[in-house]
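See structure below.
The values are calculated or read from the model by the stated rules, or taken from the named source; none is laboratory data. Fair warning: this is a prediction, and the values are worked out from it, not measured in the lab. A quick note on method: Cβ atoms are made from the backbone with ideal geometry, for glycine too, and the neighbour counts reach across all protein chains shown.
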Ligand code: FPP
């Protein structure tokens with residue numbers, strides 16, 4: 001659902017770099033300390049399992065435990081937003097048995113983890129094409145979002161059946177529909193207004209994107225939102241990820257000079 005809460009003129013006259021929900025600030029206002037929003041491409045579950053001669057599902061199960069460690073590390077580090085890529089739109093091409101294992105794991109995760117996340121002040125959101133999941137999973141996704149909507153300690157977004165190109169195409173369709181309906185003037189469609197049609201509307205862009213397993217690509221993850229993100233590639237398989245790796249990525253981030261296209265100071 002697009003979030004267009006301000007008038008078109010108000011939004012478009014603001015500075016271009018959105019980093020805070022509910023208000024737009026310029027790049028020089030961004031705190032030099034830690035990242036507000038960390039996003040993670042969790043990769044390497046299969047290789048972790050293969051290296052132990054275990055079935056792939058064992059790697060995914062350990063991967064789900066690593067999500068818990070990432071959430072704890074984010075909270076302890078003062079990160080306000082954490083987004084994890086749990087299932088891409090391309091992952092549906094995996095063998096049916098692995099899809100069944102992954103959706104089964106998601107089903108159990110929703111039944112067992114949400115209560116604890118709720119108790120720990122975590123607000124859950126899901127982005128991606130949830131209509132592709134079974135009805136009972138869709139119901140649990142909605143319930144998890146509803147039950148945690150008042151939490152403020154950490155905003156956890158889980159990308160499920162998510163692909164950035166599909167997200168951008170859907171946003172373009174929604175913007176075009178608004179133009180056709182006469183609620184949006186074509187000339188007024190600027191970057192800030194367009195991002196209100198994305199699945200991540202209301203969420204600041206990621207400051208830091210971490211990918212584990214040594215692979216170095218974005219794999220259709222948050223392509224619009226990653227425009228100025230710092231990228232950190234870690235040589236650890238996702239099921240082994242822990243607070244030390246999180247801290248190492250944050251330390252790397254703190255050494256980066258973020259200029260957002262401006263000249264060096
Ligand atoms: C990539 O590893 C990981 C996935 C496709 C699934 C990610 C799922 C989890 C971390 C667990 C479930 C999480 C939740 C929130 C329920 P891969 O299988 O591509 O590994 P490989 O590249 O080594 O084969």
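The set of residues in segment 118-134 that are assigned to a helix (DSSP H, G or I) and under 19 Å from residue 162 (Cβ atoms) comprises 130, 131, 132. Within segment 29-50, can you find the residues that are over 27 Å from residue 118 (Cα atoms), part of a loop (DSSP other than H, G, I, E, B) and near the ligand (Cβ under 9 Å from one of its atoms)? Matches in segment 29-50: 44 only.
Each row is one residue, and each column tells you yes or no for (1) within 16 Å of the ligand (Cβ to nearest atom); (2) under 14 Å from the mean Cα position of the chain (by Cα); (3) closer than 20 Å to residue 218 by Cβ.
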{"residue": "127", "(1), (2), (3)": "yes, yes, yes"}
{"residue": "133", "(1), (2), (3)": "yes, no, no"}
{"residue": "137", "(1), (2), (3)": "yes, no, no"}
{"residue": "145", "(1), (2), (3)": "yes, no, no"}
{"residue": "155", "(1), (2), (3)": "yes, yes, no"}
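Scanning segment 16-66 for residues that are at pLDDT below 50 and out of contact with any helix residue (DSSP H, G or I) (no Cβ under 7 Å at 6 or more places or on another chain) yields 19, 20, 21, 22, 23, 25, 26, 27, 28, 29, 30, 31. Scanning segment 77-90 for residues that are in contact with a helix residue (DSSP H, G or I) (Cβ under 7 Å, 6 or more places away or on another chain) and either more than 11 Å from the ligand (Cβ to nearest atom) or more than 15 Å from residue 127 (Cα to Cα) (or both) yields a count of 3.
Picking from 74, 66, which residue would you name as being surrounded by 20 or more Cβ atoms within 10 Å (Cβ to Cβ), near the ligand (Cβ under 9 Å from one of its atoms), touching a residue at least 40 places away in the same chain (Cβ under 8 Å) and within 30 Å of residue 254 (Cβ to Cβ)? Before the answer, list the steps.
Values: 74 fails: near the ligand (Cβ under 9 Å from one of its atoms).
None of the other options fit; the residue is 66.
Filtered by the rule that a residue be out of contact with any helix residue (DSSP H, G or I) (no Cβ under 9 Å at 6 or more places or on another chain) and within 26 Å of residue 144 (Cβ to Cβ), segment 169-213 gives 170, 174, 202, 203, 204, 206, 209, 211.
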